[in-house]
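The values are calculated or read from the model by the stated rules, or taken from the named source; none is laboratory data. Just so it is clear, the model here is predicted, and its values are computed rather than measured. Methodologically, a virtual Cβ is constructed for each residue, glycine included, from the backbone with ideal geometry; neighbour enumeration extends over all protein chains shown. Areas reflect the complete protein model, heavy atoms only, side chains present, ligands, DNA and RNA absent. Shrake-Rupley method; radii C 1.70, N 1.55, O 1.52, S 1.80 Å.
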Amino acid sequence: MNQVVKKRVAILISGRGSNMQALVAAAREPDYPAEIALVISNRPEAPGLAWAREQGLPTVALDHKRYESRPHFEGQLQSLLELSRIDLIALAGFMRLMTPDFVARWYGRMINIHPSLLPAFKGLDTHRQALSAGVRISGCTVHFVSAEMDAGPIIAQAAVPILCSDKEQDLAARVLTAEHKLYPAALALVANDQASLRETTVVWQSFGAAGINHPEALFSPSL
Ligand code: GAR
């Protein structure tokens with residue numbers, strides 16, 4: 001019987017790590033196409049890092065403040081990724097910009113989740129931006145990381161309604177619930193090569209009937 005080789009994933013975090021927890025939970029399923037081989041936080045005090053440590057996952061605190069420049073920080077990051085034979089990087093609330101060199105090195109192998117329907121509402125305070133723009137639907141996006149922040153080729157999105165009574169934290173909580181479903185599904189699409197990057201376009205392999213079975217069309221591709 002052919003054993004499927006799982007992709008080795010490093011999750012990079014800066015804080016709470018709830019998306020990381022969703023990825024870790026998904027990767028515990030025997031047929032999930034990726035394993036979480038490393039968790040790195042640029043903030044040693046990140047609650048997510050403590051959680052990952054408690055789970056017995058390999059963790060590293062890589063405090064960016066200890067490095068004189070971004071390239072020095074990324075040099076150490078690259079060494080850690082190579083040491084752990086990492087295939088894919090999943091950014092999960094990792095709040096540091098990467099240099100174009102680092103992004104180029106991992107282009108097509110580094111993904112990020114952002115709490116808006118990109119290309120709308122890039123950067124910080126996305127839910128405040130959505131509420132003040134008056135949009136009636138928001139959501140989250142998983143995309144390949146490119147040199148421009150929150151702008152890489154889109155792999156998957158989930159949409160949620162904005163209710164008239166919503167405050168920022170209400171919308172954040174609704175989007176976060178969708179993030180926890182979307183991110184593991186999108187990572188699986190990349191890990192099993194159903195979604196890959198050709199230049200600046202995401203190309204799809206044999207998505208099949210599974211992609212068209214969701215009449216409510218809130219998740220696309222259908223999950
Ligand atoms: C998530 O909402 C994620 O989408 C966002 O940070 C939060 C991290 O939460 N990322 C960005 O805004 C990236 N531009 P978590 O630590 O609980 O996963």
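Kindly indicate the residue of the stretch 1-41 that is crowded, with 21+ Cβ neighbours inside 10 Å and polar (S, T, N, Q) and also farthest from the ligand (Cβ to nearest atom) among those meeting that condition.
SER41
If we scan the stretch 55-64, do we find a residue that is over 25 Å from LEU189 (Cα atoms), open to solvent by 10 Å² or more (accessible area, probe 1.4 Å) and in contact with a strand residue (DSSP E or B) (Cβ under 6 Å, 6 or more places away or on another chain)?
The answer is yes; a qualifying residue exists.
Condition first: among the β-branched types (Val, Ile, Thr) and touching a Ser or Thr at 6+ places or on another chain (Cβ under 9 Å). Now tell me which residues in the stretch 139-174 satisfy that.
Scanning the stretch 139-174 gives THR141, ILE154, ILE155, VAL160, ILE162.
Could you identify the single residue in ARG96, ARG128, ARG105, ARG109 that is within 23 Å of GLY152 (Cα to Cα), within 11 Å of the ligand (Cβ to nearest atom) and basic (Lys, Arg)?
Working: ARG128 fails: within 11 Å of the ligand (Cβ to nearest atom); ARG105 fails: within 11 Å of the ligand (Cβ to nearest atom); ARG109 fails: within 11 Å of the ligand (Cβ to nearest atom).
Exactly one of ARG96, ARG128, ARG105, ARG109 is within 23 Å of GLY152 (Cα to Cα), within 11 Å of the ligand (Cβ to nearest atom) and basic (Lys, Arg), namely ARG96.
Restricting attention to the stretch 81-115, and to residues there that are more than 24 Å from ARG198 (Cα to Cα) and in a loop (DSSP other than H, G, I, E, B), which single residue is farthest from the chain's Cα centre (by Cα)? It would help to see each step written out before you state the result.
As a first pass, look at the stretch 81-115 and keep what is more than 24 Å from ARG198 (Cα to Cα): 83-84, 93-96, 115.
This time we only want the ones that are in a loop (DSSP other than H, G, I, E, B), so: 84, 93-96, 115.
Working: SER84: 19, GLY93: 8, PHE94: 9, MET95: 12, ARG96: 14, PRO115: 10 Å.
The extreme case among them is SER84.
Of all residues in the stretch 114-148, how many are among the polar types (S, T, N, Q) and open to solvent by 20 Å² or more (accessible area, probe 1.4 Å)?
Residues in the stretch 114-148 being among the polar types (S, T, N, Q) and open to solvent by 20 Å² or more (accessible area, probe 1.4 Å): 3 in total.
Under 7 Å between Cβ atoms, at least 6 apart or on separate chains: pull out the pairs that start in the stretch 90-110 with a residue that is on the phi < 0 side of the Ramachandran plot and end on any residue that is away from the ligand (no atom under 16 Å from the Cβ) and among the basic types (Lys, Arg).
Listed pairs, sorted by first residue: THR99/ARG70.
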